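Here's the structure we're looking at; comments come further down.
The values are calculated or read from the model by the stated rules, or taken from the named source; none is laboratory data. Owing to the predicted nature of the structure, the values given are computational and were not obtained by experimental measurement. No Cβ is skipped: glycine too gets one built from the backbone with ideal geometry, and neighbour counts run over all protein chains shown. Just the protein is used for accessible areas: all its heavy atoms, side chains included, with ligands, DNA and RNA removed. Shrake-Rupley method; radii C 1.70, N 1.55, O 1.52, S 1.80 Å.
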Amino acid sequence: MKYALISDIHANLPALRAVHRHITGRPDIDAIYHVGDLVGYAPWPNEVVALIAAEGIAGVAGNYDSTVGTDYKHCGCRYEDPRQEELSHLSYAWTRQHVGPDTKSFLAGLPFRIDLLPNGGHRAGPRVVLVHGTPTLNTVYWTENRPDDFCLKMAQDAGMKAGDVIAFGHTHLPWHREVDGIHFVNTGSLGRPKDGDWRAGYVALEVGEGRVGVEFVRVEYDVEAAMRAIRESDLPDDFAEYLRRGDRPATAPSSR
Ligand SMILES: [Fe+2]
């Protein structure tokens, strides 16, 4: 089985359309799943959710999805300085104001975790676990520099064994590593990459008999259209620049 995994779309409709077109043009992909964070930071939360629903793309709740869906007080996002905190709150308030009732109930109804059994559930075989952040909370950042012990603890919590795969997003930085035969795959971000590459990202994950293949794919999309729509909305213009750079917004000079 070969899966396309998309995550952290963050209301970026032009990026989602381009990646969806790319994936559906590949005869080797058997199924598409999303790994959460459908909304936030860009002006198409309803359109992105409508496309995901219309295409029947199953997936899990990101922190942005579950906080918007449950009217939580903030998005559960990390910020490193007061400007980032301000931008984070502006994005969250805008998104909550603009999601329609159908979008909100779709987000609230997303499962926390999905298990895929490529060989079928009727016989033993590898398991693919999909979560947004970690198997315990969707707000925890699982970065590449986490020690092996952290990865193995998470795998144990998730009931995983050698040959299994866990895929997650949230950090917007793609990576893959194998520890004790268990594969850990961060799917990066489709709509808001942070690795300095503006192109939309997804992962093609192949799971076969004793074999796991991970392909990180980048797709060009109309980033200018996304930037224009952000500038024309009440969202901070900083988010447009962020998309162009594939990077976090420039921060205000620190007073300290
Ligand atoms: Fe995200």
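Every test in (1) of a type in the set (D, E, K, R); (2) farther than 18 Å from Ala204 by Cα; (3) not in a helix (DSSP H, G or I) is passed by Asp8 save one, and that test is (2). Restricted to the range 195-231, and to residues there that are of a type in the set (Asp, Glu) and open to solvent by 40 Å² or more (accessible area, probe 1.4 Å), the residue that is farthest from Thr171 (Cα to Cα) is Glu209.
For the range 80-101, the condition holds for no residue, the condition being that it is closer than 28 Å to Tyr3 by Cβ, open to solvent by 40 Å² or more (accessible area, probe 1.4 Å) and away from the ligand (no atom under 16 Å from the Cβ). Restricting the range 103-135 to residues that are free of Cβ contacts under 8 Å to residues at least 40 places away in the same chain and not in a loop (DSSP other than H, G, I, E, B) leaves a set whose member that is least open to solvent (accessible area, probe 1.4 Å) is Val129. Taken together, Ala54, Ala15, Ala31, Ala4 contain a single residue that is open to solvent by 10 Å² or more (accessible area, probe 1.4 Å), touching a residue at least 12 places away in the same chain (Cβ under 8 Å), farther than 20 Å from Ala93 by Cβ and hydrophobic (A, V, I, L, M, F, W, C), which is Ala31. Of the residues Ala4, Ala11, the single one that is within 12 Å of the ligand (Cβ to nearest atom) and closer than 25 Å to Thr134 by Cβ is Ala11. The test for being touching a Gly at 6+ places or on another chain (Cβ under 7 Å), away from the ligand (no atom under 14 Å from the Cβ) and in a strand (DSSP E or B) holds for Tyr33. The set of residues in the range 58-79 being modelled with pLDDT of 95 or more, touching a helix residue (DSSP H, G or I) at 6+ places or on another chain (Cβ under 8 Å) and surrounded by 15 or more Cβ atoms within 10 Å (Cβ to Cβ) consists of Gly59, Ala61, Tyr64, Asp65, Ser66, Thr67, Val68, Gly69.
Filtering the range 34-50 to residues that are crowded, with 24+ Cβ neighbours inside 10 Å and of a type in the set (Gly, Ala, Ser) leaves Gly36, Gly40, Ala42.
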